[in-house]
Amino acid sequence: MNIYGTAVILYTHNKQFHRTYSASLHVPGRAHVRPSFLSLVQKMDYESHVHEFTQLAYEYCDWVEGEGNKGQESIFYVQVLLSKLYSWGIQLPKCEPTDLLQSEERPEYDHQRVLGYFKDFPIQYYSMIFNAQVVPSEEPVTGDVVDDLADIYKDLKDGLWYLERGSEVDAVFQWRFSLGVHWSRHILGAMYALYCSE
């Protein structure tokens with residue numbers, strides 16, 4: 001069975017995740033949700049959010065690690081893929097990690113080696129405002145698309161490492177947490193730079 005099939009089995013059998021997700025689920029604008037409706041929303045959201053995001057994470061990492069397809073013709077494809085990762089990523093449900101999250105076995109990624117995957121990528125530096133909440137704006141700083149794409153890759157790979165060891169709940173926690181504190185800035189910066197390059 002390939003890893004995609006494994007992921008499907010994992011998300012349909014992880015009772016701990018279902019309990020945690022059920023406790024945190026809410027529907028905007030409704031103070032109370034009937035149990036039958038709650039179960040339906042939980043099932044739809046869980047299956048669509050986690051499964052879809054897992055597939056996108058694999059697709060992105062496969063693209064990074066693959067030979068070729070990183071020239072000018074790849075820019076539109078990457079824009080679409082990044083937009084999907086962000087859209088599904090911000091909808092990942094809250095959950096609590098297990099002890100595996102603290103595992104010392106999680107691999108370290110050589111940043112220079114990861115950057116090497118993008119040696120043929122046609123865009124690199126761009127201007128950006130670091131903090132959009134500051135008005136009038138601060139002086140622009142220089143962003144790096146290649147560094148953005150590399151950091152997104154490493155954060156997604158961390159989650160996949162947990163998933164491939166049988167802990168979907170840790171994978172989702174890692175993806176959701178790292179999105180909030182790290183790779184959301186990288187993905188939005190990269191999307192903006194790629195949009196401006198057209």
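Within segment 161-190, the only residue that satisfies the criterion of being without any contact (Cβ under 8 Å) to a residue 40 or more places away in the chain and of a type in the set (Lys, Arg) is Arg185. Within segment 149-160, residues that are of a type in the set (Phe, Trp, Tyr) have Cβ atoms under 9 Å from residues that are not in a helix (DSSP H, G or I) in these pairs: Tyr153/Tyr109; Tyr153/Tyr117, counting only partners at least 6 apart in sequence or on another chain. Per the conditions (1) assigned to a helix (DSSP H, G or I); (2) in contact with a helix residue (DSSP H, G or I) (Cβ under 9 Å, 6 or more places away or on another chain); (3) over 23 Å from Glu65 (Cβ atoms), the sole criterion not satisfied by Gly180 is (2).
Counting only helices (runs of 4 or more DSSP H) wholly contained in segment 1-116, the ones carrying 3 or more residues that are among the hydrophobic types (A, V, I, L, M, F, W, C) and at pLDDT 50 or above occupy 35-65, 75-89. Of the residues making up segment 110-152, those that are loosely packed, with under 15 Cβ neighbours inside 10 Å and within 17 Å of Cys61 (Cβ to Cβ) number 4.
The values are calculated or read from the model by the stated rules, or taken from the named source; none is laboratory data. The model shown is predicted, which means the values in this text are computed figures rather than measured ones. Note that we place each Cβ from the backbone using ideal geometry, even for glycine, and neighbour counts take in every protein chain shown.
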